[in-house]
1. Restricting to the range 38-67, and then to whatever is crowded, with 20+ Cβ neighbours inside 10 Å and touching an Asp or Glu at 6+ places or on another chain (Cβ under 7 Å), can you tell me which residue is farthest from Ile181 (Cα to Cα)?
2. Considering the range 90-108 alone, what residues qualify as being farther than 18 Å from Tyr249 by Cα and at pLDDT 70 or above?
3. In the range 1-33, which residue that is buried (at least 23 other Cβ atoms within 10 Å of the Cβ) and among the β-branched types (Val, Ile, Thr) is farthest from Ser225 (Cα to Cα)?
4. Taking interchain pairs and intrachain pairs at least six residues apart, which have beta carbon atoms under 6 angstrom, with the first residue in the range 220-249 and at pLDDT 80 or above and the second of a type in the set (D, E, K, R) and surrounded by fewer than 24 Cβ atoms within 10 Å (Cβ to Cβ)?
5. Being over 16 Å from Ser185 (Cα atoms) and touching a residue at least 60 places away in the same chain (Cβ under 8 Å), is that true of even one residue in the range 37-44?
6. Report yes if Ile111 is surrounded by fewer than 16 Cβ atoms within 10 Å (Cβ to Cβ) and either at pLDDT 75 or above or of a type in the set (Ser, Thr, Tyr) (or both), otherwise no.
7. Residues that are within 14 Å of the chain's Cα centre (by Cα) and under 16 Å from Val26 (Cβ atoms), at least 1 per element: which helices (runs of 4 or more DSSP H) completely within the range 181-240 meet that?
8. Mind listing whichever residues of the range 51-87 are assigned to a helix (DSSP H, G or I), closer than 21 Å to Met169 by Cα and of a type in the set (A, V, I, L, M)?
Amino acid sequence: MNSNKVLGSILLGVAASIWGGTFVAVKMVVGQIHPLQLVWLRYLVALIFLVGFSLIKREKWHLKRKGLKWFILSGLTGYALSLVAQETGTWFSSAQTGAVVTSSTPTFMVIFAWLILKEKLDRVKVISLVMATLGVVMIVGIHLTGKHILIGVLFLILAALSWSFMSVMIKLLSDYSALQITIVSTIVAMICLTPFVMGDLASLSNVNFFNPKIIACLFYVGALSTAMAFVMWNKGLTMVSPSVSGLIYLLQPIVGTLLGWLILGEGLTWGFAAGTVLILTSVWVSIRFAK
(Lines give C-alpha, C1' and ligand atoms only; values in the text may rest on other atoms or scores of the structure.)
Protein backbone atom coordinates (compact mmCIF):
# COMPACT_ATOMS: atom_id res chain seq x y z
CA MET A 1 0.00 0.00 0.00
CA ASN A 2 1.38 3.41 -0.98
CA SER A 3 2.87 5.19 2.08
CA ASN A 4 1.69 8.59 0.83
CA LYS A 5 -1.87 7.27 0.58
CA VAL A 6 -1.67 5.92 4.15
CA LEU A 7 -0.28 9.18 5.56
CA GLY A 8 -2.85 11.20 3.61
CA SER A 9 -5.64 8.96 4.92
CA ILE A 10 -4.44 9.44 8.50
CA LEU A 11 -4.37 13.23 8.10
CA LEU A 12 -7.86 13.22 6.58
CA GLY A 13 -9.14 10.90 9.31
CA VAL A 14 -7.88 13.06 12.16
CA ALA A 15 -9.33 16.19 10.51
CA ALA A 16 -12.71 14.52 9.98
CA SER A 17 -12.76 13.32 13.59
CA ILE A 18 -12.09 16.85 14.85
CA TRP A 19 -14.93 18.13 12.66
CA GLY A 20 -17.24 15.55 14.23
CA GLY A 21 -17.10 17.61 17.42
CA THR A 22 -17.83 20.83 15.55
CA PHE A 23 -21.54 20.01 15.21
CA VAL A 24 -21.74 19.72 19.00
CA ALA A 25 -19.70 22.87 19.69
CA VAL A 26 -21.84 24.88 17.25
CA LYS A 27 -25.08 23.52 18.72
CA MET A 28 -23.98 24.68 22.19
CA VAL A 29 -23.51 28.36 21.26
CA VAL A 30 -25.38 28.98 18.00
CA GLY A 31 -28.38 30.25 19.98
CA GLN A 32 -26.16 33.01 21.43
CA ILE A 33 -24.11 33.84 18.34
CA HIS A 34 -25.66 34.05 14.87
CA PRO A 35 -24.24 31.39 12.48
CA LEU A 36 -22.80 34.01 10.10
CA GLN A 37 -21.02 35.79 12.94
CA LEU A 38 -19.86 32.50 14.41
CA VAL A 39 -18.18 31.55 11.12
CA TRP A 40 -16.49 34.96 10.96
CA LEU A 41 -15.24 34.64 14.57
CA ARG A 42 -14.13 31.10 13.80
CA TYR A 43 -11.96 32.34 10.94
CA LEU A 44 -10.62 35.27 12.96
CA VAL A 45 -9.38 32.91 15.68
CA ALA A 46 -8.05 30.47 13.07
CA LEU A 47 -6.18 33.20 11.19
CA ILE A 48 -4.36 34.28 14.35
CA PHE A 49 -3.10 30.73 14.87
CA LEU A 50 -2.35 30.12 11.18
CA VAL A 51 -0.35 33.31 10.68
CA GLY A 52 1.50 32.72 13.94
CA PHE A 53 2.43 29.19 12.87
CA SER A 54 3.48 30.46 9.44
CA LEU A 55 5.84 32.97 11.04
CA ILE A 56 7.32 30.36 13.36
CA LYS A 57 7.75 27.92 10.48
CA ARG A 58 9.14 30.71 8.24
CA GLU A 59 6.89 29.61 5.41
CA LYS A 60 8.19 30.59 1.95
CA TRP A 61 5.32 32.20 0.05
CA HIS A 62 4.74 32.15 -3.69
CA LEU A 63 1.44 33.15 -5.27
CA LYS A 64 0.88 32.89 -9.00
CA ARG A 65 -1.89 34.64 -10.93
CA LYS A 66 -2.87 31.30 -12.48
CA GLY A 67 -3.82 29.83 -9.10
CA LEU A 68 -5.56 32.95 -7.79
CA LYS A 69 -8.98 32.06 -9.25
CA TRP A 70 -8.88 28.65 -7.54
CA PHE A 71 -8.01 30.30 -4.21
CA ILE A 72 -10.96 32.68 -4.60
CA LEU A 73 -13.35 29.86 -5.51
CA SER A 74 -12.05 27.76 -2.64
CA GLY A 75 -12.58 30.59 -0.15
CA LEU A 76 -16.04 31.44 -1.49
CA THR A 77 -17.39 27.88 -1.61
CA GLY A 78 -15.72 25.67 0.97
CA TYR A 79 -14.75 28.32 3.49
CA ALA A 80 -17.54 30.92 3.32
CA LEU A 81 -20.68 29.36 1.82
CA SER A 82 -20.22 25.81 3.17
CA LEU A 83 -19.50 26.79 6.78
CA VAL A 84 -22.33 29.34 6.98
CA ALA A 85 -24.75 26.82 5.44
CA GLN A 86 -23.57 24.05 7.78
CA GLU A 87 -23.94 26.07 10.95
CA THR A 88 -27.28 27.53 9.83
CA GLY A 89 -28.51 24.03 9.00
CA THR A 90 -27.38 22.71 12.38
CA TRP A 91 -29.17 25.64 14.05
CA PHE A 92 -32.47 24.72 12.36
CA SER A 93 -32.09 20.96 12.91
CA SER A 94 -29.78 18.97 15.21
CA ALA A 95 -26.17 17.83 15.44
CA GLN A 96 -27.15 14.33 14.30
CA THR A 97 -29.25 15.59 11.38
CA GLY A 98 -26.27 17.68 10.31
CA ALA A 99 -24.09 14.58 10.36
CA VAL A 100 -26.44 12.39 8.32
CA VAL A 101 -27.31 15.00 5.66
CA THR A 102 -23.71 16.02 5.08
CA SER A 103 -22.93 12.32 4.56
CA SER A 104 -23.88 13.05 0.95
CA THR A 105 -20.44 14.70 0.63
CA PRO A 106 -18.61 11.60 -0.75
CA THR A 107 -21.17 11.22 -3.54
CA PHE A 108 -20.85 14.88 -4.52
CA MET A 109 -17.04 14.63 -4.38
CA VAL A 110 -17.05 11.67 -6.76
CA ILE A 111 -19.33 13.58 -9.16
CA PHE A 112 -17.19 16.73 -9.05
CA ALA A 113 -13.99 14.66 -9.43
CA TRP A 114 -15.51 13.10 -12.55
CA LEU A 115 -16.58 16.48 -13.96
CA ILE A 116 -13.49 18.53 -13.06
CA LEU A 117 -10.61 16.05 -12.77
CA LYS A 118 -12.00 13.43 -15.20
CA GLU A 119 -11.58 10.77 -12.50
CA LYS A 120 -13.26 7.50 -13.52
CA LEU A 121 -16.10 5.99 -11.50
CA ASP A 122 -15.38 2.27 -10.99
CA ARG A 123 -17.04 -0.61 -9.15
CA VAL A 124 -14.91 -0.18 -6.00
CA LYS A 125 -15.99 3.43 -5.61
CA VAL A 126 -19.68 2.59 -6.05
CA ILE A 127 -19.56 -0.27 -3.53
CA SER A 128 -17.65 1.89 -1.03
CA LEU A 129 -20.14 4.75 -1.40
CA VAL A 130 -23.13 2.45 -0.84
CA MET A 131 -21.52 0.88 2.25
CA ALA A 132 -20.59 4.25 3.71
CA THR A 133 -24.03 5.76 3.12
CA LEU A 134 -25.75 2.78 4.76
CA GLY A 135 -23.31 3.08 7.65
CA VAL A 136 -24.16 6.73 8.27
CA VAL A 137 -27.91 6.04 8.15
CA MET A 138 -27.47 3.18 10.64
CA ILE A 139 -25.42 5.38 12.98
CA VAL A 140 -27.51 8.51 12.97
CA GLY A 141 -30.86 7.53 11.50
CA ILE A 142 -32.98 10.13 9.75
CA HIS A 143 -34.35 12.60 12.29
CA LEU A 144 -36.75 14.75 10.31
CA THR A 145 -38.56 16.29 13.25
CA GLY A 146 -38.85 19.93 14.21
CA LYS A 147 -40.60 23.06 13.04
CA HIS A 148 -37.80 24.24 10.72
CA ILE A 149 -36.27 20.87 9.81
CA LEU A 150 -36.79 21.28 6.04
CA ILE A 151 -34.94 24.61 6.03
CA GLY A 152 -32.15 23.01 8.03
CA VAL A 153 -31.83 20.06 5.64
CA LEU A 154 -31.68 22.37 2.59
CA PHE A 155 -28.89 24.41 4.17
CA LEU A 156 -27.01 21.21 5.05
CA ILE A 157 -27.27 19.91 1.47
CA LEU A 158 -25.90 23.24 0.23
CA ALA A 159 -23.05 22.86 2.74
CA ALA A 160 -22.23 19.38 1.43
CA LEU A 161 -22.31 20.53 -2.21
CA SER A 162 -20.05 23.53 -1.70
CA TRP A 163 -17.60 21.61 0.54
CA SER A 164 -17.33 18.81 -2.02
CA PHE A 165 -16.65 21.30 -4.81
CA MET A 166 -13.92 22.97 -2.77
CA SER A 167 -12.29 19.65 -1.81
CA VAL A 168 -11.95 18.64 -5.46
CA MET A 169 -10.59 22.06 -6.45
CA ILE A 170 -7.77 21.70 -3.90
CA LYS A 171 -6.25 19.18 -6.32
CA LEU A 172 -5.72 22.10 -8.71
CA LEU A 173 -3.59 23.89 -6.08
CA SER A 174 -1.00 21.15 -5.65
CA ASP A 175 1.83 23.65 -6.23
CA TYR A 176 1.06 25.33 -2.91
CA SER A 177 1.52 24.10 0.66
CA ALA A 178 -1.51 23.12 2.75
CA LEU A 179 -0.74 26.01 5.11
CA GLN A 180 -0.73 28.57 2.26
CA ILE A 181 -3.98 27.19 0.83
CA THR A 182 -5.67 27.39 4.23
CA ILE A 183 -4.46 30.92 5.03
CA VAL A 184 -5.35 32.45 1.66
CA SER A 185 -8.74 30.72 1.48
CA THR A 186 -9.51 31.85 5.04
CA ILE A 187 -8.64 35.46 4.17
CA VAL A 188 -10.89 35.30 1.09
CA ALA A 189 -13.76 33.96 3.21
CA MET A 190 -13.29 36.66 5.86
CA ILE A 191 -13.28 39.43 3.25
CA CYS A 192 -16.56 38.06 1.85
CA LEU A 193 -18.22 37.71 5.25
CA THR A 194 -17.01 40.95 6.91
CA PRO A 195 -19.57 43.33 5.26
CA PHE A 196 -22.45 41.14 6.47
CA VAL A 197 -21.05 40.82 9.98
CA MET A 198 -20.30 44.54 10.29
CA GLY A 199 -23.90 45.27 9.34
CA ASP A 200 -25.12 43.64 12.55
CA LEU A 201 -22.54 44.54 15.18
CA ALA A 202 -25.22 45.24 17.77
CA SER A 203 -26.06 41.57 18.27
CA LEU A 204 -22.37 40.66 18.41
CA SER A 205 -21.78 43.25 21.13
CA ASN A 206 -24.34 41.46 23.29
CA VAL A 207 -22.32 38.26 23.36
CA ASN A 208 -20.48 37.55 26.62
CA PHE A 209 -17.04 36.63 25.32
CA PHE A 210 -15.84 35.97 28.90
CA ASN A 211 -18.26 33.07 29.21
CA PRO A 212 -16.11 29.90 29.51
CA LYS A 213 -18.46 28.03 27.16
CA ILE A 214 -18.07 30.74 24.48
CA ILE A 215 -14.28 30.77 24.91
CA ALA A 216 -14.04 26.96 24.70
CA CYS A 217 -16.29 26.86 21.63
CA LEU A 218 -14.35 29.55 19.75
CA PHE A 219 -11.04 27.85 20.57
CA TYR A 220 -12.36 24.51 19.36
CA VAL A 221 -13.97 25.73 16.11
CA GLY A 222 -11.21 28.28 15.44
CA ALA A 223 -7.87 26.80 16.52
CA LEU A 224 -8.65 23.08 16.26
CA SER A 225 -11.52 22.64 13.79
CA THR A 226 -10.32 25.32 11.36
CA ALA A 227 -6.62 26.14 11.76
CA MET A 228 -5.35 22.64 12.49
CA ALA A 229 -7.96 20.43 10.82
CA PHE A 230 -8.18 22.49 7.61
CA VAL A 231 -4.40 22.32 7.11
CA MET A 232 -4.46 18.56 7.70
CA TRP A 233 -7.41 18.11 5.34
CA ASN A 234 -5.84 20.23 2.59
CA LYS A 235 -2.56 18.31 2.91
CA GLY A 236 -4.37 14.98 2.83
CA LEU A 237 -6.31 15.98 -0.27
CA THR A 238 -3.07 16.36 -2.21
CA MET A 239 -2.08 12.78 -1.28
CA VAL A 240 -5.36 10.90 -1.65
CA SER A 241 -7.98 10.79 -4.44
CA PRO A 242 -11.27 12.71 -3.93
CA SER A 243 -13.28 9.47 -3.85
CA VAL A 244 -11.25 8.10 -0.94
CA SER A 245 -11.09 11.40 0.95
CA GLY A 246 -14.86 11.73 0.64
CA LEU A 247 -15.34 8.41 2.41
CA ILE A 248 -12.89 9.33 5.17
CA TYR A 249 -14.94 12.50 5.67
CA LEU A 250 -17.68 10.19 6.99
CA LEU A 251 -15.73 9.63 10.19
CA GLN A 252 -17.47 12.87 11.17
CA PRO A 253 -20.82 11.27 12.08
CA ILE A 254 -19.09 8.61 14.20
CA VAL A 255 -17.42 11.23 16.38
CA GLY A 256 -20.35 13.66 16.10
CA THR A 257 -22.88 11.05 17.22
CA LEU A 258 -20.73 9.94 20.15
CA LEU A 259 -20.24 13.52 21.35
CA GLY A 260 -23.89 14.37 20.70
CA TRP A 261 -24.81 11.47 22.98
CA LEU A 262 -22.23 12.30 25.67
CA ILE A 263 -22.65 16.09 25.78
CA LEU A 264 -26.05 16.97 24.31
CA GLY A 265 -27.95 13.90 25.44
CA GLU A 266 -28.96 12.93 21.89
CA GLY A 267 -29.97 9.29 21.31
CA LEU A 268 -27.55 6.45 20.55
CA THR A 269 -28.69 3.09 19.14
CA TRP A 270 -27.16 -0.32 18.48
CA GLY A 271 -26.98 0.70 14.84
CA PHE A 272 -24.01 2.86 15.82
CA ALA A 273 -21.67 -0.14 16.08
CA ALA A 274 -22.86 -1.70 12.80
CA GLY A 275 -22.75 1.64 10.98
CA THR A 276 -19.26 2.37 12.26
CA VAL A 277 -18.03 -0.99 10.96
CA LEU A 278 -19.60 -0.31 7.54
CA ILE A 279 -18.00 3.14 7.23
CA LEU A 280 -14.55 1.95 8.32
CA THR A 281 -14.78 -1.06 5.99
CA SER A 282 -15.81 1.16 3.06
CA VAL A 283 -12.78 3.38 3.68
CA TRP A 284 -10.47 0.34 3.85
CA VAL A 285 -11.92 -1.16 0.67
CA SER A 286 -11.51 2.14 -1.18
CA ILE A 287 -7.91 2.65 -0.03
CA ARG A 288 -6.89 -0.99 -0.55
CA PHE A 289 -8.49 -1.69 -3.91
CA ALA A 290 -8.89 1.69 -5.64
CA LYS A 291 -6.78 2.02 -8.75
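The values are calculated or read from the model by the stated rules, or taken from the named source; none is laboratory data. Worth saying up front: this structure is predicted, and the values here are computed from it rather than measured. In this analysis, Cβ positions are derived from the backbone assuming ideal geometry, glycine residues included, and neighbour counts consider all displayed protein chains.
1. Ranking the qualifying residues of the range 38-67, first place goes to Leu38.
2. Of everything in the range 90-108, those that are farther than 18 Å from Tyr249 by Cα and at pLDDT 70 or above turn out to be Trp91, Phe92, Ser93.
3. Looking at the filtered set, the residue picked out is Ile33.
4. If the second residue must be of a type in the set (D, E, K, R) and surrounded by fewer than 24 Cβ atoms within 10 Å (Cβ to Cβ), the pairs left are Val240/Lys5.
5. yes
6. So Ile111 does not fit the description; no.
7. Hits in the range 181-240: 229-237.
8. Answer for the range 51-87, where residues must be assigned to a helix (DSSP H, G or I), closer than 21 Å to Met169 by Cα and of a type in the set (A, V, I, L, M): Leu68, Ile72, Leu73, Leu76, Ala80, Leu81, Leu83, Val84, Ala85.
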